[in-house]
Every structure is written in C-alpha cells, then in structure tokens.
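Please treat every number below as a calculation from the coordinates, not as lab data. These figures come from a predicted structure and were not determined experimentally. Methodologically, a virtual Cβ is constructed for each residue, glycine included, from the backbone with ideal geometry; neighbour enumeration extends over all protein chains shown.
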C-alpha cells in the first residue's frame, strides 16, 4: 500500500504555496501510481511522460503507470489504489452527483487540471458499405457489427449516451442481429482490417490512426440533436474542419470529451502544487506525448468543469495568472 502523505492544515496552505518557488521543495511520496488508459490509447503515453517528469522533479520518487479507463480510474484514486488518475469532466461530475455510470457518489477526489478536449464517437463504416446514416441505421434496424473502446472508458460511455438520445441501445443492436464488441484500439483496428467488424465508433487516436490509413472508412455524422442532448452531461460540441480527415468533406459538428487529471482530495497541497507546476512548465512535452494532446495548453489548466480543483493546484495556477 502506498505510504500516506502528511497533510497540511488549510490555514497553512496559502503561506506554504506562496513561499514555494521550486516544486522540488514539496514533500513527495517515495512511490506514486498513475492510473492511465489502454496501452494503445493516448492516456498511457501521456502518463509515461508525466511520470518521468515527476521523477525528475522529485528525485527519490518512483512512479508506476498502470492501465485503466476514465470510469474506473476515479474510484481507484478515491480508494487510494492510485495517486493520480486520468479521466473526463463528465465522469468527475457523475462521481460527485451519483449518476450513471455510478450508482452512488464517490467522494475523495479533486481535479489537478484540464488537459484539453478530444473529439469522440467517430462513427466510421467501411467505405462501400450499405450504411448511409446513423438515423437510417436505427430506423431500419440494420444489422451491424460495432467495435467500441473498452468498457469503463469515456469514449465508450459517450456512445451509450448518444445512442440513447436517438432511442437506441446496445441491446437493440444485438436484437437486430448485430453485435457490440468492446476492446483496445489495436484490437479494434485489427477487426476492421480483417473484415470481422462493420464499424468503429470512438476517438481517432493511437492505432485507429493507422487503421484509417490502411482501410478506407466513411463517416456517419451524429445528428446535432443527439450531440446537443448530451452537452449538459459535461461534454463539448466542436466543429471539425473540412479535410481534417479524408472522410470529412465538410465541417462537421462532433461531440468532445474534456480530459482531466484527478488526485486524492487529501493529497498534500504542496505536492499537488508541484504537480501543477510540472504541467505548466512542460507544455510541449505533454503536447508531444500523443496526438490527442495537441489541444493541451497550460493556460487552460484551471478550466476544469464537473467538480472543484484541488486547493494546491488552484493556488499554484492563480500564482501564475492561470484562471
């Protein structure tokens, strides 16, 4: 079990944070665990980069990066299984408000920062297939074999919610003679390439970028009413420019996840401040960790939605003029 940190009182926080100019002065644990995402995704390499930066800033601290997903990572951090977790703003809000995918509130976490948005739920079918639109597919109850990101993953949960806006579910797809498979991005790419799946629905990251190069795909855009219907659950609507991908002939509205990092609510504020400092000072390293983080900007770190920032992070960002 990870060694417990000694916590500062709330009264001591402002004094310590104002005095601290070097993250290495913060009291750091000897071991730190980061819960990320699938190896073939983007959270995993970004967590690896973040872990190395933490070890450089805090000699003597050993960082372990584990796999996971946005839904499962938050309870891990709350329970002390992980010290840092990658998740999304909508999931953070769900944990606080006891809404799906959780059946009860999960207290004990606080946000470290906002990492940027990632367009989600690209509904990609093989070029030349008979599928013409998502609405038509549902209305005609067409048989389709879908491949989605793993369960307990933010990219999978958003698909559930979008389908619900159109009156459909995974169970309906099964009833129509189709199927829904949940797996890592490399496995999903393989099923599409081998012809064992008709469509992939998820973000275009990691192995999926290779997939769309090797196999010609066609985009079925989500109806805007479906996207608009989930915006109050912590999502964004972004317009992808024409020609961003070869399957986009025109500017297309897409739902997007707000990626965030969470830490234990009781984590030493001075150490949290040092983690925030790393995120601010190493913007380029994070942007280069995975294509998904090209929208990362240190100036946006405080723009967390779904729940509060950790006091240690909030104080550091304020000291840097980041609000």
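Helix 43-57 axis versus longest C-alpha principal axis of the chain: approximately 10°, rounded to the nearest ten.
Compared with the dominant Cα axis of the chain, that is its longest principal axis, helix 154-165 is turned about 50°.
Ordered by the number of other Cβ atoms lying within 10 Å of each residue's own Cβ, fewest first, 310, 58 fall into the sequence 58, 310.
For region 137-196, taking the reciprocal of the average inverse distance between every pair of different Cα atoms yields a Kirkwood hydrodynamic radius of 12.0 Å. Compared with the direct C-alpha span, the chain from residue 291 to residue 172 gains 39.5 nm at full extension, assuming 0.36 nm per residue. Once the Kirkwood radius over Cα pairs is known for region 115-214, the Stokes-Einstein relation at 37 °C and 0.692 mPa s delivers a diffusion coefficient of 240 µm²/s.
Can you bin every Cα-Cα distance in region 128-276 into 5 Å intervals starting at zero and give me the percent of pairs per bin, rounded to whole numbers? Calculated P(r), rounded to whole percents: 2, 8, 16, 19, 20, 15, 7, 4, 4, 3, 1, 0. Multiplying each eigenvalue of the alpha-carbon gyration tensor of region 36-132 by 5 and taking the square root yields semi-axes of 29, 21, 11 Å, largest first, rounded to whole angstroms.
Of the two radii for region 274-323, the radius of gyration is 0.97 times the Kirkwood radius, both from the alpha carbons; that is the Rg over Rh value. Shape class for region 163-242: oblate, because the ratio a/c of the largest to smallest gyration tensor axis (alpha-carbon atoms, square roots of eigenvalues) is 1.5 or more and b/c is at least a/b.
Annotation: the antiparallel percentage among DSSP beta bridges lying fully within the chain is about 65.
Compared with the dominant principal axis of the Cα atoms in the chain, helix 70-79 is inclined by about 30°. Computed over the chain with a Gaussian network model linking Cα atoms closer than 10 Å, the most mobile of 258, 225, 266 is 225. Note on the chain: along the principal axes its Cα atoms extend 64, 37, 36 Å, ordered by decreasing extent.
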